[in-house]
Amino acid sequence: MRTHLPESWKIKMPATLLTPRAPSLRTANAVEQFAMDVREGLRKFPKQLSPKYFYDAIGSALFDAITLLPEYGLTRADERLLRRNAEPLALRLTPDLIVAELGSGSGRKTKPILQAISELQGPLTYYAIDGSSAALQRCSHELAGVPGAQVQPLECFYEEGLERIAEYRSRRERLLVLFLGSSIGNFERDDAAAFLAQIRKHLQAGDALLLGADLVKPRHQLLDAYDDPAGVTAAFNLNLLARINRELEADFNLRNFSHEARWCASERRVEMHLRSLTRQAVSIPGAECRVSFEQGETIWTESSHKFTPSELSQMAVRAGFICEAQWIDQEWPFAENLWIVE
Ligand code: AVJ
C-alpha cells in the first residue's frame, strides 16, 4: 500500500532563489491544501493522513519533546554521529563546497558539520531549505554564531530549492546536500528510491549527499520509541486531529481516539495509527465534509521505515551514487551515509 509523503518534495511555488511568495498568499494556499488532503485522505480505505501535517507549532514542540525521551534514541544517535565524524566527513569532501539541507529543522545537528567544513576550507554558504518559516528562523538563529558560515534560508519545497541552488551556483562550487534525521524513512521504499534519484539529477561530479537513516532494531525497542509510556508520541499523533479542529473547525473528540504503534516486519517499518474507540461521526466544515468511523476503525498517520546498512549501500548505487562512507552509532543503531557523485 502506498502512503502519502511524496507530494512533500514536489514543487509548491514558483519562487525565485531568495524571495518567497507573499506570506498571506502562502498561508491561504496552505490551508486550502490541508483541507483537500484531509478530505481525500479520510475518504480512502483505510483512512490516512499525511505525516507532514504533524508539524504545526504544537506538533513541532511535541516532536522536540520526543527527541528528549529516553525511549527515542534516533535524534541523539544522529547528533552523536555528526559530532564525532564532522572532521573525517569534511576531509573527504572537495574544496569550494556549498551546503544545502533538506528540512533544516532547528539546525542544531548541522552546526558541527558547518564548523568542520569552514575550518578546513574557509567561509561557506549554507542553504537551509524548509517549508516552515518558523523552522527557518530557528535554524538561522541557531547557526548565526558559526564563524565562516553564511546562512541562506529558502522557504520552499526540497526539489525546487535544490533546483535553484544547482542553477545559480558558480561552476567551481561543489554541493553537499544534507538529508538527516531519517526523514527518508517516511517515504514508501519505492518513493524513497525515486526521491534519491531526483536529488541525484540536480548534482554533478564531485557533489555529495549525506543521508541519515535509522536502522532496524529489536521490535520492543521500536515500539517503545513510538509508543512511549509518558504518552508524548500519543499526544504528537493525536495533535493531528486537534490541528484539524483548529484549522478546519472540525469537531474531533480526541478522547474518542487512541494512539497505536505497530511494527510491520515484512515492510520493516513502524506504523502509527489513530484508532476510533467508538462508532462516531465527525464534521469538518473547513474541508466541506463529514466523516464516519466504525468502532475500531483506524487512520494511518505515519510510516517510519527502518534500514539495514547493506540496503543503504544498494540504495546509493541504484540512485547513481558511490557510497563513500558509512558511520554507524553503536548505542542506537543509526547510519550516516556519505554518497558521492563521480
Ligand atoms: C522525524 C520522521 C524521523 O519517523 O521517527 C517521531 C517522526 N514520529 N515519533 C520518525 C516521529 C513519531 C520521525 N521522523
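The values are calculated or read from the model by the stated rules, or taken from the named source; none is laboratory data. Treat the numbers as computed from the prediction; the structure is a model and nothing was measured. Here the Cβ positions follow ideal geometry from the backbone for every residue, glycine too, while neighbour counts run over all protein chains shown. To get the accessible areas, we keep the full protein, side chains included, count just its heavy atoms, and leave off ligands, DNA and RNA. Shrake-Rupley method; radii C 1.70, N 1.55, O 1.52, S 1.80 Å.
Before moving on, here are some points about what is shown:
- Accessible carbon and sulfur surface of the stretch 33-81 relative to its total accessible area, %, 1.4 Å: 63
- Cβ-derived FRET efficiency at R0 56 Å, Leu254 paired with Ala166, nearest 0.05: 0.80
- When the listed pairs Lys47/Lys109; Lys47/Lys111; Lys52/Lys201; Lys44/Lys109 are checked against a 31 Å cut-off, the alpha-carbon distance exceeds it for Lys47/Lys109; Lys47/Lys111; Lys44/Lys109.
- For Leu97, the residues whose modelled amide H falls within less than 5 Å of its own, excluding neighbours fewer than 5 places apart on the same chain, are Arg174.
- Summing Cβ point charges (Lys, Arg +1; Asp, Glu -1) relative to the Cα centre of the stretch 48-170 gives a dipole of roughly 400 debye.
- Applying a DSSP loop filter and a limit of 13 other Cβ atoms within 10 Å to the GluC sites (Glu not before Pro) in the stretch 202-293 leaves Glu249, Glu288.
- Top positive-direction residue, dipole computed over the stretch 111-198 with Cβ charges, set Tyr168, Leu124, His141: Leu124
- Surface per residue (accessible, 1.4 Å probe) for the chain, Å²: 44
- The calculated Kirkwood hydrodynamic radius for the stretch 73-208 is 15.1 Å, given to one decimal from all distinct C-alpha pairs.
- Whole-percent carbon and sulfur share, accessible surface of the stretch 127-210, 1.4 Å: 45
- On the stretch 258-301, 43 percent of the accessible area sits on carbon and sulfur atoms, based on a 1.4 Å probe.
- All other residues whose Cβ lies under 9 angstrom from that of Val177 are scored, Lys and Arg at +1 and Asp and Glu at -1, for a net of -2.
- Applying 0.36 nm per residue to the separation of Lys52 and Arg318 and subtracting their alpha-carbon distance, the gain on full extension is 93.1 nm.
- Alpha-carbon Rg/Rh ratio, for the chain, with Rh computed the Kirkwood way: 0.96
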